[in-house]
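> The following block contains the structure, expressed as structure tokens.
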Amino acid sequence: MTVDGKTYPNVGVGFRGASSLMMVPAGSKRSFNISMDYANKDQRLLGAKTLNLLNANGDPSFMRGPLYAHIAAALKIPAPRANFVRVVVNGESWGVYQNAEQFDKIMAEQQFGSSNGARWKVPGSPQGRGGLEYLGEEIEPYRRRYEIKSKDEAKSWRSLIDLCRTLNETPIDELEAALNAKLDIEGVLWFLALEVALSNEDGYWVRASDFSIFMDEKGVFHILPHDANETFLPGGGRG
């Protein structure tokens with residue numbers, strides 16, 4: 001891979017996405033995942049080891065993701081950064097892509113000052129149900145809704161279960177005090193405000209999916225946006 005005249009050898013390249021892959025026919029503009037460290041674990045591009053080059057499927061403006069990221073940054077809300085890149089494959093121009101930051105240890109370090117802790121992705125699902133519901137004390141029901149991206153440890157899952165139980169079973173007049181040591185309440189309220197104000201039809205407030213969770217080294221949970229290609233749309237959330 002060559003970027004601004006500099007060559008990066010032996011990167012990993014693959015197609016990525018759900019609707020942005022399945023709804024785009026073969027031979028058309030598909031989204032890419034680039035692993036800078038595929039063969040050389042120390043190789044980075046401007047500090048990044050993973051690139052998500054998005055085709056902005058369903059977004060005729062091509063602006064939703066980067067604009068959402070820009071507004072989030074202005075409000076100091078942790079969110080993946082995004083910009084635009086021009087992609088050329090084997091000498092053929094594939095046009096402009098959105099380049100969205102990967103929520104990995106590098107981003108956690110930049111946003112929270114430390115990558116220590118646990119990270120989950122809540123995958124997109126028409127059924128959703130990744131909205132921090134309490135599903136009992138067994139870990140397996142949570143595994144079906146939350147995809148852990150850091151080291152898979154039982155204690156991390158136990159902390160997530162404890163948060164869900166606290167959110168769902170604590171009397172409302174006791175909830176703030178119970179959550180203070182477990183959840184970045186102000187950060188979550190800002191996240192929810194952004195999701196509603198920018199009308200994210202594919203996120204937490206609509207179908208309880210397509211967002212990320214980070215438990216920092218102090219055991220405090222943070223909620224982050226993950227996918228913004230269906231923002232700025234009229235209609236339909238659950239309120």
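> Got the relative contact order for the chain handy, in percent, Cα pairs under 8 Å and 6 or more residues apart?
Working: 410 pairs, mean separation 40.7, N = 239.
Reported as a whole number, the value is 17 percent.
> Next up: Please report the net charge: other residues with Cβ closer than 15 Å to the Cβ of Asp37, K and R +1, D and E -1.
+2
> Leaving out ligands, DNA and RNA, and with a 1.4 Å probe, what % of the accessible surface on the chain is carbon or sulfur?
Reported share for carbon and sulfur atoms: 52 percent.
> Which angle from 0 to 90°, rounded to the nearest 10, does the C-alpha axis of helix 154-169 make with the longest principal axis of the chain?
Helix 154-169 sits at roughly 60 degrees to that axis.
> Go through Lys6/Lys76; Lys76/Lys151; Lys76/Lys105 and tell me which ones have a Cα-Cα distance over 26 Å in this structure.
Working: Lys6/Lys76 33 Å; Lys76/Lys151 28 Å; Lys76/Lys105 19 Å.
Cα-Cα > 26 Å for Lys6/Lys76; Lys76/Lys151; rest within.
> Using the per-residue mean of other Cβ atoms lying within 10 Å as a proxy for protection, in what order, highest first, do the peptides 37-44, 215-222 fall?
The peptides rank, most packed first, as 215-222, 37-44.
> How much accessible area per residue does the chain have, in Å², with a 1.4 Å probe?
Here the residues of the chain average 54 Å² of exposed surface.
> Measure nothing but the geometry: give the 0 to 90° angle between the long axis through the Cα atoms of 185-197 and the longest principal axis through the Cα atoms of the chain, rounded to 10°.
60
> Quickly work out the Ala177-to-Leu45 label distance, labels modelled 7 Å from Cα along the C-beta direction, and quote it in nm with one decimal.
Using points 7 Å along Cα→Cβ, the separation is 5.2 nm.
> I'd like the distance separating the alpha-carbon centroids of segment 153-202 and segment 1-68, in whole Å.
A separation of 31 Å, based on Cα centres.
> Straight-line reach from Lys182: which aspartates and glutamates have a Cα under 13 Å away, not including same-chain ones fewer than 8 places off?
Asp162, Asp216, Glu217
> Relative contact order for segment 125-238: what percent, with Cα pairs under 8 Å and sequence separation of 6 or more?
It rounds to 26 percent for segment 125-238.
> Subtracting the Cα-Cα distance from 0.36 nm times the residue separation, let me have the gained length for Ser35 to Asn10 in nm, one decimal.
This chain segment gains 8.1 nm when fully extended.
The values are calculated or read from the model by the stated rules, or taken from the named source; none is laboratory data. For clarity, every value in this text was computed on a predicted model and none was experimentally measured. Please note: Cβ atoms are built from the backbone with ideal geometry, for glycine as well, and neighbour counts cover all protein chains shown. Protein only, heavy atoms only, side chains kept; ligands, DNA and RNA dropped before computing areas. Shrake-Rupley method; radii C 1.70, N 1.55, O 1.52, S 1.80 Å.
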